[in-house]
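Here's the structure we're looking at; comments come further down.
The values are calculated or read from the model by the stated rules, or taken from the named source; none is laboratory data. As the structure is a prediction and not an experimental result, all values here were calculated from the model. Virtual Cβ from ideal backbone geometry, glycine too; neighbours counted across all protein chains shown. Accessible surface areas use protein heavy atoms only, side chains included; no ligands, DNA or RNA. Shrake-Rupley method; radii C 1.70, N 1.55, O 1.52, S 1.80 Å.
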Amino acid sequence: MDLEDLIALAEAEQRDRAEIEVRVCTAAGCLSSGSRPVVSALERALADRGLTPRVRLREVGCMRLCCEGPLVAMDVLETVSSPEPSLYGKVTAGQASVLVDVIDNKQATTEGLQPIDSNGPFFSRQRSVVLEHCGLVEPERIESSIALGAYRSLHRALHDLNPAEVVELVTRSGLRGRGGAGYPTGLKWATVAKMPPGQKYVVCNADEGDPGAFMDRSILESDPHRVLEGMAIAAHAIGADQGYIYVRGEYPIAISRLDTAIRQSKRLGLLGSAIFDSTFNFRVDLRIGAGAFVCGEETALIHSIEGLRGTPRPRPPYPAESGLWGHPTLINNVETYANIPVILREGADWFTQIGTEHSKGTKVFALAGKIRRAGIVEVPMGVPLRDIVDQIGGGPPEGSTVKAVQTGGPSGGCIPAELLDTPVDYESLKALGSIMGSGGMVVMDQDDDMVGVARYFMKFCMDESCGKCVPCRAGTVQMYRLLDRIECGDATNDDLVLLEELCDLVQHASLCGLGQSAPNPVLSTLRFFRHEYESRFVEPTGPRSSSVSSEAR
Ligand SMILES: Cc1cc2nc3c(=O)[nH]c(=O)nc-3n(C[C@H](O)[C@H](O)[C@H](O)COP(=O)(O)O)c2cc1C
Ligand code: SF4
Ligand code: FES
């Protein structure tokens, strides 16, 4: 395969477009609300009316407004005067014939169908960079990705840029890791690239264990070739010939689509040996995790791929120096890799124009909770949280008022409603005791109890602690018990003092990020909602005690 072949494939696919294309979302959210029977019913109805091939059905990935699923979109070629392009939500198999009537111009009325305004604020207030092709490409057909430009950036990296230039481009873009910590991606690539030549690895972290987070799953299910292309560009830049995608076993659709994508790109010579007739070889294999949250931590993930028990180890050495089987290993998150092709296509300067001074580009969030429009959203870094909640999410449902927004899952915190004007970037969220995290965003209302929220996340950390170090293994249990007592109204101010002492200890003495960040939900709810803790004490709140009762200890 060379560039001409790639372009020819793209052109053939574009020529093959039907007059009317019906896209049905078959990502996990819509499949769980019944999009598979909708596909079958539409197929039958179109065939019965003899509308194929004028009308083509495409199974695509997430169209973002997951709460309205199953979603069906209708695209109409400019040369065709009617029907109007449209988007429908909560489509049932029983409505297939009504939809086909609309397509066939037999019925102008869309009775029973729920039209969605695709120009409304949910879509218009977003900025599509990473998700630009999600919901458009068919994740199980590589030709459909190639038609929208997939693998062109890889070709550019291999033929127009040397590895050092690719690293320099990514560094200049200011891209920071989307897996949680926000480490500068170019710096990480440069560290691995500088290691002596020899075996090196590229790993994609698709473990996504935070409760409430489903962005990476959505990207993998909707546009897997984008992630493969990002990984291949990284491999070229750092000098690796082998990649692994570590994906959690609970994501069967993502696994199956990745598997298909890898096979299809190998078949076309876009992965494997002598890619694009160059000397570059790159093979990608899947490794399936078993759902332990700690296996998302990079050193635990490495152990897990090596076939060992997934527990973290002290760093340094960092994986960039000594990772898989002791070799330099680049580990990035799914969304980080998904940013790479567009950075190569549009350039670093273009990318730096999006976002804030220190947080460049966009961020994908999984918006959920007490919100009218829940789903996957992508916004430029720096937009106020309020825009996401009120404009994109449509605010809370009737009768609810927003109390807080939780970001960063078990490692993050709760931002109170009065601070919703905070810009969404790494520094601003950290200053409030939360973190950007990988992108889970849960809106909470007046009925959500902040002590209960802290207790929920502490239970999660306690259950997911690997037990290797005492501060986390024992500390999370003690913190959970204290939170439980406080929630039940069975605690005193001394318990709260002990809880705060434990937060400090576990934060500073734990081996890995799981323990180090486990106190965050407690600390942030204490910072903004301390009265919810204190109002539960069995005795009136007195001056804060500095010593802790022996019983509590
Ligand atoms: C307990 C724990 C779980 C983590 N889970 C994930 C995860 O699911 N996905 C991810 O990309 N990073 C996760 N991370 C962060 C990774 O260790 C690592 O920093 C990240 O994959 C690096 O990629 P990035 O630089 O592109 O963000 C986790 C960290 C900790 C401490
Ligand atoms: S902090 Fe927790 S999860 Fe991390 S190594 Fe220690 S016990 Fe294991
Ligand atoms: S899963 Fe269908 S719109 Fe998100």
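Below is a table of values for the structure above.
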{"read-out": "Search result, residues across the range 464-484 that are crowded, with 18+ Cβ neighbours inside 10 Å, away from ligand 2 (no atom under 16 Å from the Cβ) and more than 20 Å from GLY409 (Cβ to Cβ)", "value": "LEU482"}
{"read-out": "Count - residues of the range 350-380 that are acidic (Asp, Glu) and either closer than 25 Å to GLY89 by Cβ or touching a residue at least 60 places away in the same chain (Cβ under 8 Å) (or both)", "value": "1"}
{"read-out": "Of residues in the range 222-252 being open to solvent by 10 Å² or more (accessible area, probe 1.4 Å) and either without any contact (Cβ under 8 Å) to a residue 24 or more places away in the chain or touching a Ser or Thr at 6+ places or on another chain (Cβ under 8 Å) (or both), the one farthest from ALA147 (Cα to Cα)", "value": "PRO252"}
{"read-out": "Residues (more than 23 Å from the chain's Cα centre (by Cα) and among the aliphatic types (A, V, I, L, M)) located in the range 396-426", "value": "VAL402, ALA417, LEU419"}
{"read-out": "Boolean, ASP223 is within 16 Å of ligand 3 (Cβ to nearest atom), at pLDDT 95 or above, in contact with a His (Cβ under 9 Å, 6 or more places away or on another chain) and not aromatic (Phe, Trp, Tyr)", "value": "yes"}
{"read-out": "When residues of the range 240-298 are limited to those that are touching a Lys or Arg at 6+ places or on another chain (Cβ under 6 Å) and in a loop (DSSP other than H, G, I, E, B), the one farthest from ASP5 (Cα to Cα)", "value": "GLY291"}
{"read-out": "Matching option when the condition is basic (Lys, Arg) and either within 16 Å of ligand 2 (Cβ to nearest atom) or not in a helix (DSSP H, G or I) (or both), among ARG44, ARG58, ARG36", "value": "ARG58"}
{"read-out": "Residue within the range 287-294 that is under 27 Å from ILE253 (Cα atoms), open to solvent by 50 Å² or more (accessible area, probe 1.4 Å) and at pLDDT 95 or above present", "value": "yes"}
{"read-out": "Residue check for LEU99: open to solvent by less than 30 Å² (accessible area, probe 1.4 Å), at pLDDT below 95 and within 23 Å of SER222 (Cβ to Cβ)", "value": "yes"}
{"read-out": "All positions within the range 165-220 that are within 16 Å of ligand 3 (Cβ to nearest atom) and either over 13 Å from the mean Cα position of the chain (by Cα) or closer than 24 Å to ALA150 by Cβ (or both)", "value": "GLU208, PHE214, MET215, ASP216, ARG217, SER218, ILE219, LEU220"}
